[in-house]
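The values are calculated or read from the model by the stated rules, or taken from the named source; none is laboratory data. All of these numbers come straight from a predicted model, not from anything done at the bench. Cβ: placed from backbone, ideal geometry, glycine included. Neighbour counts: every protein chain shown. For accessibility, only protein heavy atoms count, side chains too; no ligands or nucleic acids. Shrake-Rupley method; radii C 1.70, N 1.55, O 1.52, S 1.80 Å.
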Amino acid sequence: MTLAQIVDLALRNNPATRLSWAQARSAASEYGASRGQLFPTLTLDGSVSRSRSVAIAGRPAGERTQYGPSLGLSYLVLDFGGRAGSIDFSRQTAIAADLSHNATVQNTILQVESSLFNYLATRALRDAERVAVEEATASLNAAEERRRVGLATIADVLQARTARSQAQLALESLEGGVLVAQGGLAVAMGLPANASFEVPSLPDAPPADSLRFIAQSVDTLLALAARARPDLAAARAQAATAAAEVRVARSALMPSISLNANGGYTGSNNSTFQGQTYTLALGFDLPVFSGFSRQYQLQSASDRLAAASAQADLTRQQIALQVFTAYYNLQTATDRVRTAADLLASATESESVARGRYREGVGSIVDLLIAQSALADARAQEVQVRWQWRGALAQLAHDVGVLGIRGEALAPLGADSTRDAR
């Protein structure tokens, strides 16, 4: 399975994405329903009735049957912004729900990428430890051979055997760690923890757009995050929702004008009571006193607007800190990759020299074991910093808001204008 396939499977199976998508669709339907306020309401009724009247002076008793359809129309002509505010409330709610779904998608992608990188890092550490076990075994064989020919003591053999046992113990721990990491990745993809699958190693060379992304300044990335982060846009939409709610509450203090019309035909077995009917009414409603409840509702809506605006500002500050932290974490990880590569090269050369000296009889087993331990540590650090770099890159892409839908590191960016200004 490739990275894109893993991300696609996680997005389809993760219940968090299904939940946010259903909520976004529901909010969109609510917005569509709210737009019905822009149109008049039409109702078609039909009735059949039969009645009997008692006899009174001058009129004998009789029975009468009446029937007929009627068509009613009702339309709100003017309400000083209440209708427009409620429609805008539903619209901004739908936008916020859609943006929240986008944020959930990016969070899911980051989660599955982090699980994938952890699994690949643990697997690479296990492979590196296997090499360390092979080297320790070769050193043990060399010590035993030198002791057999009288060039080494039993102490050399015991030290080499101890080093090999330590390497074997570390390998066994990593073998279990690989299975645990694979189970964590399976769960992140929405699969059972014991699902069987295999993930190929990712290429060492990062995509070209990733390198271009890293070259951007932190100021450019902060500005990009302010535009691209879906959770920040969702917070702003929530503030706009609260503003629409204030408009609705304020309109409740204002008068409203409505138009009502009804037309129909009444049929009857008595010609006196049959014929066409209609009514036409223009209503004016002015709220006079409601126990100050509407004033308190307006104040409550205004307070919610202030809270939503403060939440948007808080989200913006938190995102700026996240981008700032992720940017310099990536810079540190980049430096560590270069340093770890130099460390591995030096440790490899040192181990080669120590092994040659021991083979020639001019070096001790202690020098060889120390060099091999340093080489094993250098391999482990090189593996860890390499995958930490990929994790830092994915984290920065998420924090800026440009993490691709298929798990690609970054999207194409514009030129870094802040560098020219400096």
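The sole residue among Arg25, Arg35, Arg18 that is part of a helix (DSSP H, G or I), within 30 Å of Met254 (Cα to Cα), open to solvent by 90 Å² or more (accessible area, probe 1.4 Å) and modelled with pLDDT of 90 or more is Arg35. Taken over region 182-198, residues that are open to solvent by 40 Å² or more (accessible area, probe 1.4 Å), over 18 Å from the mean Cα position of the chain (by Cα) and at pLDDT 90 or above amount to 3. So for region 309-317 (the condition being among the β-branched types (Val, Ile, Thr) and within 30 Å of Val112 (Cβ to Cβ)), does at least one residue qualify? Checked against the condition, which is being among the β-branched types (Val, Ile, Thr) and within 30 Å of Val112 (Cβ to Cβ), region 309-317 yields at least one hit. In region 397-411, the qualifying residues are those that are modelled with pLDDT of 70 or more and part of a loop (DSSP other than H, G, I, E, B), and the one that is nearest to Ala233 (Cα to Cα) is Gly401.
Here's the yes/no breakdown for (1) farther than 30 Å from Ala138 by Cα; (2) open to solvent by less than 50 Å² (accessible area, probe 1.4 Å); (3) of a type in the set (Ser, Thr, Tyr):
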site: Gln295; (1), (2), (3): yes, no, no
site: Gln299; (1), (2), (3): yes, no, no
site: Ala306; (1), (2), (3): yes, no, no
site: Thr315; (1), (2), (3): yes, yes, yes
site: Thr325; (1), (2), (3): yes, no, yes
site: Thr339; (1), (2), (3): no, no, yes
site: Glu351; (1), (2), (3): no, yes, no
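Is one or more of the residues making up region 100-108 among the hydrophobic types (A, V, I, L, M, F, W, C), part of a helix (DSSP H, G or I) and closer than 30 Å to Leu396 by Cβ? For region 100-108, residues among the hydrophobic types (A, V, I, L, M, F, W, C), part of a helix (DSSP H, G or I) and closer than 30 Å to Leu396 by Cβ: present. Set side by side, the residues Val112, Val48 differ, and just one is among the hydrophobic types (A, V, I, L, M, F, W, C) and assigned to a helix (DSSP H, G or I), which is Val112. The residue that is nearest to Ala378 (Cα to Cα), counting only those in region 91-127 that are in contact with an Asp or Glu (Cβ under 8 Å, 6 or more places away or on another chain) and open to solvent by 20 Å² or more (accessible area, probe 1.4 Å), is Arg126. Condition test on Ser201, is it of a type in the set (Ser, Thr, Tyr) and modelled with pLDDT under 95? Considered against the rule, which asks whether it is of a type in the set (Ser, Thr, Tyr) and modelled with pLDDT under 95, Ser201 comes out as yes.
Only residues that are surrounded by fewer than 22 Cβ atoms within 10 Å (Cβ to Cβ) and either at positive phi or of a type in the set (A, V, I, L, M, F, W, C) (or both) were counted across region 367-386, and they come to 3. In region 353-366, of all residues being open to solvent by 60 Å² or more (accessible area, probe 1.4 Å) and farther than 17 Å from Val133 by Cα, the one that is modelled with the highest pLDDT corresponds to Val353. Only a single item in (1) under 22 Å from the mean Cα position of the chain (by Cα); (2) closer than 20 Å to Ala320 by Cβ is not met by Ala240, and it is number (2). Here Ile56 clears all of (1) open to solvent by 30 Å² or more (accessible area, probe 1.4 Å); (2) touching a Ser or Thr at 6+ places or on another chain (Cβ under 8 Å) except the condition numbered (2).
Does Thr277 fit the bill of being farther than 17 Å from Arg304 by Cα, more than 22 Å from the chain's Cα centre (by Cα), assigned to a helix (DSSP H, G or I) and of a type in the set (S, T, N, Q)? Considered against the rule, which asks whether it is farther than 17 Å from Arg304 by Cα, more than 22 Å from the chain's Cα centre (by Cα), assigned to a helix (DSSP H, G or I) and of a type in the set (S, T, N, Q), Thr277 comes out as no.
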